[in-house]
């Protein structure tokens, strides 16, 4: 016997993609967005926004980060050493 019943259609309205999803994905990747939005929602938002485009944006962001100095404190260390030298010479 074939089951002739049809699955009921969902009446739930899909939530819109959060404004910050793209930026969070590009900067922090899957782990962060899954933690914040949940895996199902993250995959849905990723699909809606265009997965290929988001992957390309994240790759460009990571390439840009590679060209920056390794530590954000390295410039501060240089400044503090220069200040100490100027203070010692005065």
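Grab the beta carbon distance between residue 15 and residue 53, set R0 = 25 Å, and tell me the FRET efficiency rounded to 0.05.
On the way: r = 21 Å, r/R0 = 0.82.
Efficiency, from the Cβ-Cβ distance: 0.75.
Going by average Cβ neighbours within 10 Å, how do the peptides 6-19, 47-60, 23-36 rank, with the highest at the top?
On the way: 6-19: 7.9, 47-60: 12.5, 23-36: 14.9.
Answer by packing, highest mean first, reads 23-36, 47-60, 6-19.
Label point 7 Å out from residue 64 along Cα-to-Cβ: which residues of region 25-45 have amide N under 15 Å?
25-29
Rule-based calculations on the coordinates, nothing more; no lab input. Just so it is clear, the model here is predicted, and its values are computed rather than measured. In this analysis, Cβ positions are derived from the backbone assuming ideal geometry, glycine residues included, and neighbour counts consider all displayed protein chains.
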